[in-house]
Structures are given as C-alpha cells and as structure tokens.
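Have a look at the structure below before the remarks.
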Amino acid sequence: MGFADRYIQALSASNLKDDERHHQAEPLTAAALASVAGDLGSLLHRAKYAGTAAQNLAQAIAVRTQVEKDLVDAVRKKDAGREAGLRQALSGDATTSEGGAASLGRLLHLWTAEVTKRGRARRWVPENTAWDAEAAIKLYRKVAEHSLAYWLDGRCEPCAGSGLADARACKCCGGSGKAELTMAAGFVREHTLNMVSELHAIADSHAARAGSKLRPVS
C-alpha cells in the first residue's frame, strides 16, 4: 500500500491517537513532517484527497476572477482601504472563507506563481513590451489553472477513470482511464502537460519523504 492510500485512509480515521498501539492518523503526521519550505507537496495531497477538488478549484478560480474585477474597480475609485484588502485576498490568504476552497485558493495562487517562474526561466514567450508581458501573464495563468485542474481530476468521465466500458477498453480514453486534454492552442496544451508532469513529480517527492517517516507495517 502506497503513501497516498494510507493518507486517504487516515483522513477518515476514527482515532487520532498516535502511539505504539494507534497508527490510524500516522500518515497525517508524516505528511506534516515531510513538508519543506517552498514545497507544494503537502498542499497537493490535501487538495487531491481531502475534499471535492474539482468543485473547490472551480470555486477558487471564480472567486479569484471576481476579486480581480473588484480590485480594478477599487483602483479606479481610488479606494485605498478596499484595494489593500483585495490585494491581500489575491495573495491567496483570504480568497474565500470556506475551508476546502480556501486551500485550493492558496494552492492556485502558489502554483500560478511557480508556473510563472518556470515559464519565464524557460522563455516560453518574449516579454519585451507591455503587451507581451500581459499576454505572457495570461498564458502562465491559463497553464497553471489547466494543469492543476487536470492533475487533481483528469479522469475519463465515460468510464469514471476505470479504463473499461461494457467490459472492454474504453473507446474515449483507450483504456488509460485518463481524459484527453483538449484545448485549441497546441502551444498551451504542451506546456500544460509538462506542468502536469511536474505536479506529479512534486507530489511523488513529498509522498516519498512522508512514506519514509511511517512505521513499518507489520
């Protein structure tokens, strides 16, 4: 049983004690101990396995979009107090008051910043003019949203991720259980798939560190 499976079981633990006789919640402690500064692994595990990720992410994106519109309005009206609060919200600290979506809002903010950093380092697009910079920011944001959404829940809907339909390989996903990532721009799709792979790597690295902190299963 891998760390992710034990982590999922721990989320519904009936006893949160952690001693020689009680191990149900141990993966939760291991996940916390495995967190390192600047690493998204713990947040990724929490987002994927502790709630309705797809709905929470959709809500977080919607809230962020609304906050951005409100910020433009506050700047136009020169409302400094409101502007400060909205900028704080966009930092990911207060994008929404609901628990699951709040975690996704924070994760979305951090992942967008990470994608932006990686995209600039790899020179995905030029940023020589103000128009270029604005287009680049839109690209980084789109790639961040699509890659995080696909990593959280990229299952093929017709077969519910099983890869089978009517006792045969699902025609929609070819038996992979993964939905096809479709978008108009192949350029965006390429970068999105690359970032999905990097999300897998981040989560796998965190799981390996957390797994090493678990007691051996007897």
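The values are calculated or read from the model by the stated rules, or taken from the named source; none is laboratory data. No experiment lies behind these values; they were computed from the predicted model shown. With ideal geometry, Cβ positions are generated from the backbone for all residues, glycine too; neighbour counts draw on all protein chains shown.
Quick look at the numbers
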quantity: Scope segment 61-88; condition of a type outside the set (A, V, I, L, M, F, W, C) and in contact (Cβ under 8 Å) with a residue 24 or more places away in the chain; matching residues; calculated: R64
quantity: Matching entry among T182, T192 (being over 18 Å from H45 (Cβ atoms) and either in contact (Cβ under 8 Å) with a residue 40 or more places away in the chain or buried (at least 17 other Cβ atoms within 10 Å of the Cβ) (or both)); calculated: T192
quantity: Residue count for segment 125-172, restricted to those that are touching a residue at least 40 places away in the same chain (Cβ under 8 Å) and either under 21 Å from A203 (Cβ atoms) or over 21 Å from the mean Cα position of the chain (by Cα) (or both); calculated: 12
quantity: Selected residue (only one of A89, A101 is buried (at least 17 other Cβ atoms within 10 Å of the Cβ), in a helix (DSSP H, G or I), modelled with pLDDT under 85 and more than 14 Å from the chain's Cα centre (by Cα)); calculated: A89
quantity: Meets criteria (at pLDDT 65 or above and either buried (at least 19 other Cβ atoms within 10 Å of the Cβ) or under 21 Å from E145 (Cβ atoms) (or both)) for L43; calculated: yes
quantity: A80 being among the aliphatic types (A, V, I, L, M), over 24 Å from L110 (Cβ atoms), surrounded by fewer than 19 Cβ atoms within 10 Å (Cβ to Cβ) and modelled with pLDDT of 80 or more; calculated: yes
quantity: Flag for G177 being touching a Cys at 6+ places or on another chain (Cβ under 7 Å) and surrounded by 12 or more Cβ atoms within 10 Å (Cβ to Cβ); calculated: yes
quantity: Candidate set: segment 184-218, residues that are part of a loop (DSSP other than H, G, I, E, B) and either more than 30 Å from W124 (Cα to Cα) or among the charged types (D, E, K, R) (or both); chosen: the one modelled with the highest pLDDT; calculated: S212
quantity: Scope segment 133-173; condition surrounded by fewer than 16 Cβ atoms within 10 Å (Cβ to Cβ) and at pLDDT 90 or above; matching residues; calculated: A133, E134, A135, I137, K138
quantity: Number of the condition not met by A121 [criteria: (1) more than 21 Å from S197 (Cα to Cα); (2) at pLDDT 95 or above]; calculated: (1)
